[in-house]
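Rule-based calculations on the coordinates, nothing more; no lab input. From a predicted model like this one, the values you see are computed outputs, not experimental measurements. Neighbour counts run over all protein chains shown; Cβ positions are idealised from the backbone, glycine included.
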Amino acid sequence: MEEEEYYEDDFPHEEEDGFNQFLHEQARRAPWWMMSIGIHAIMIALCLLIPWEQPTKTVVQEFTATLEQDEVEEEVEEEEDWEEEEELNPEEEPTENPVEKDDAIEADHNESDDNEEFEQDKGDSEDAMSDQNFDSKFTNTAVGLGGGAAGNFGGRFGGKANLVARGGGKGTQSAVEAGLKWLRDHQNPNGYWDTDGYFSQCGKAHGRSGRCSGVGNGPYDPGNTGLALLAFLGAGHTHHRKGKFQKTVKKALQYLKSIQDAEGCFGPRQGHFTYNHTIAALAMAEAYGLTKSNMLKASAQRGVDFLAKAQNPGFAWRYSVQPGDNDSSVTGWAVMVLKSAKIAGLEVPQECFEGARKWYDSVTDDQYYRTGYVSKGDRGARLKSQVGKFSMSEAMTAVAVMARAFMGMERTDPLLRGGADLLLQSLPEWSTDGGPGGTNKIDFYYWYYGTLAMFQMGGDYWKRWNENMKSAIVDNQQKDKGSCLHGSWDNVGAWGASGGRVYATATNVLSLEIYYRYERVFK
C-alpha cells in the first residue's frame, strides 16, 4: 500500500481542541477592559526586553567672542593736553587770503568710539564708482549743468596702467609712494595731522634721523587732515582694503567723524572755518564714493547738507554760513565736494551748481578770461607778510576752469579755452627768485588746481603743463633716505607759512596722483 504524505496539522488533537474552545469561550465572555490590560501588559514586557541606549547628555559650552584691535602702527605716546592756540599775529592776516584761518581750534582727539564698527566694516567696494570705467555717455554721473559727464573717481584700484599713457612714470609714482609714507609716519596717533606739532612723530615709526622743519598754523588741523586723507584715497587706499596704509586711513576717518557736529560741519566754527569744512567734507565724500561704506554715508551726506546750507542764496561761498560775500577759492573747494558727492550717489541740490556757475561768470573778464578772487580783475591774495615776496598767480583762473569743466561746460567754450591759454603763460616753475620781478613763483595751491584743470583740458594744454609740473614737483622732493624729511616737500610756497610741511606734502602728492585720481570729462 502506498504510504500517504502527511503534515502535523492533519493529525487530530482532541484534548488541545477542547482547551482551545474553552479559552475562546472565556475570552468572548470577558469584559473589554480586561483584554486591554492584557494587551498593554504584553507590550510593556516586550519594551523591557529591548536594550534601549541611554540618551547622551548635552553639555552647553559658553564662550565670549571679542574683536581684536589692529596693531598700532606706531608707538602711541601719552596724549598731550590740547591747549587753545594763540591768535595769529595780526601782521600775518592776509589782504584777501584764500587759505588763512585765524582763530584757534579745540578738537576732541580721543579715538572715536565706533572703532569696533570700523573694524567690521567691509563696505561695498565692488559697486563703488572707483571700480567702474569712465565713459562720457554716463550722463547719470554728470555734475552740474549741460555738457557730458563729470570725471569719475578714476581707476584708483588698478588705474596705474593709465600712468604712462597720461604722462606719468616711475619717477612720479615713486614720489607719490615716498610722500604717502612721510604722511603716514607723521600722523598723530589720534588720527589727525598736527599742522604745527607733527614733528613730535619724527623718528618714531621709521627710524630715520633728524627732526622735520616747517610748521604751519594749528587751526588748520581739520583741513590738513582732509588733504592728507585725500592723498591716500587718491592712490586707492581705503580703510577696509588690505594694504600698508589701511590703518592710517581708518584713523583719519575716525578723527573727522569725531569733529563733525550735529549739523554736519567738520571742525569748530571759528575764523574762516569753511576751508576746514570743505576739504574735510571732500575727503569724506570721496571715501564714501570709493567704498560705499555705511559707516561713512551719513557723515558724508551731513557734510554736503551743511555745505548747501552755508551757500549764499543764489550765489557762492565764503568764510562762514551765508556771509553775504563770496570768493572763488572756497567756492572751488565746494564744487569739488559737490562733484564727488554726486558721483558717490549722495543727494546734492542742483541749485548749488547754478550758484557757483553764476559766481564764476560774474568775476571772469571777457578779454583775458582771468577769473578774480572776490571781484572781476583782481589777481588773488597773499599774506600781508608775503606781499612782494611771491608773485601773483593765476590760481583763481585755474579753479574756475576746473569748476566749469566739472559742471558740464563744453571744452570748446571760450571761457575754458581762454582760461587754459592764460595758464599756459604761467607754467609751474620752482623758482625762488621769480626772474625779473625778484619774487618767488612757487605756489602749490595754484599748481594743484592748474593740474586738475589742464588734465581735464587735455591735448597740448596738458602736455605742456604736465612736463613743467613733474619737473617742479618731483625734482624738488626731499630724497635723502636717511633723513626724516625723506618724501616730503619744504613749505616754501606762497601758502607754506600757513599750511606747513603737511600741507605742502599732501598737496604735491595730490597733484602727482592726477594720472589716475580722476577720469577725464572730455574725450
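The packing ranking, built from the mean of other Cβ atoms within 10 Å per residue, places the peptides 459-466, 474-481 in the order 459-466, 474-481, highest first.
Sorting the segments 225-231, 376-382, 188-194 by their mean number of nearby beta carbons within 10 angstrom, highest to lowest, gives 225-231, 188-194, 376-382. Rounded, prolate or oblate, given the Cα gyration tensor of segment 367-518, with a/c below 1.5 counting as rounded? Here segment 367-518 falls in the oblate category. Label zone of K358 (point 7 Å out along Cα→Cβ, amide N under 13 Å): in segment 253-279 this covers no residue at all.
When peptides 508-515, 334-341 are sorted by average Cβ neighbour count within 10 Å, with the highest value leading, the order is 334-341, 508-515. Counted residue by residue at 0.36 nm each, then reduced by the alpha carbon distance between them, the extension gain from E347 to W430 reaches 25.8 nm.
Summed over all non-identical Cα pairs, the Kirkwood treatment of segment 276-407 gives a radius of 15.3 Å. Stretching the chain fully between E263 and K244 yields a gain of 3.5 nm (0.36 nm per residue, less the alpha carbon separation).
Taking 7 Å steps out from each Cα toward its Cβ at K309 and S375 produces label points 3.3 nm apart. Remark: segment 358-426 is approximated by an ellipsoid whose semi-axes, taken from the C-alpha gyration tensor as √(5λ), come to 23, 12, 10 Å, largest first.
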